[in-house]
Every structure is written in structure tokens, then in C-alpha cells.
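Novice: Let me begin by handing over the structure; questions about it come next.
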Amino acid sequence: FNLMRQHICNDFVLNSKDRILLYELSKGTKNKDLPNFVNLSKSGIEARKRRLKEIFNVEGEGDKKLIQTARENGYV
């Protein structure tokens, strides 16, 4: 219940591609394999990751920090 409340209180919305990207990153999927799971080019995936890092306020950090913050906010 707390996780659901936390999820509802966030002001940003992630679409299905964002969620799949976060999920695959959390599983440890390598960047070169991500286009197999998310219907985006490598540059599209990088742009999406940059945007997600802005959303989660972890700009300049690595993917681990992005996943950790997404998990804390109930998205992974």
C-alpha cells in the first residue's frame, strides 16, 4: 500500500518503453542488448536514459543510481 501511495504521489508519468527500459536495466541487461527489448535505437535508448535521469534527478550519475532511485520510487 505504501508503495502504491508513493507511486501515485509522484508528479511524473513513465510510458511503457520507459518502464521496460528501467526493468531491463535493473535485471542487468547490457546496453548493446537493450534494443532487443525496447523498440528503440541505441541512440534513442541513450536519450531516454538521459531523460529518465533528469526525471529522477540523478543527472551525471550512472545507471545504478538511476535504477536505485527508480526502485525507491516504486517504478522497478
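The values are calculated or read from the model by the stated rules, or taken from the named source; none is laboratory data. As the structure is a prediction and not an experimental result, all values here were calculated from the model. Reconstructed Cβ throughout: ideal geometry from the backbone, glycine too, with neighbour counts over all protein chains shown. Just the protein is used for accessible areas: all its heavy atoms, side chains included, with ligands, DNA and RNA removed. Shrake-Rupley method; radii C 1.70, N 1.55, O 1.52, S 1.80 Å.
Novice: Return only the number of the condition from (1) open to solvent by less than 70 Å² (accessible area, probe 1.4 Å); (2) outside any loop (DSSP other than H, G, I, E, B); (3) not small (Gly, Ala, Ser) that Thr29 does not satisfy.
Specialist: Just one mismatch for Thr29, condition (2).
Novice: Condition test on Leu34, is it under 17 Å from Glu72 (Cα atoms), surrounded by 11 or more Cβ atoms within 10 Å (Cβ to Cβ) and not acidic (Asp, Glu)?
Specialist: The answer is no for Leu34.
Novice: Let me ask something else about it. Could you please find all residues in segment 34-76 being touching a residue at least 40 places away in the same chain (Cβ under 8 Å) and not in a loop (DSSP other than H, G, I, E, B)?
Specialist: Listed by number, the residues that qualify are Ile55, Leu66, Ile67, Ala70, Arg71.
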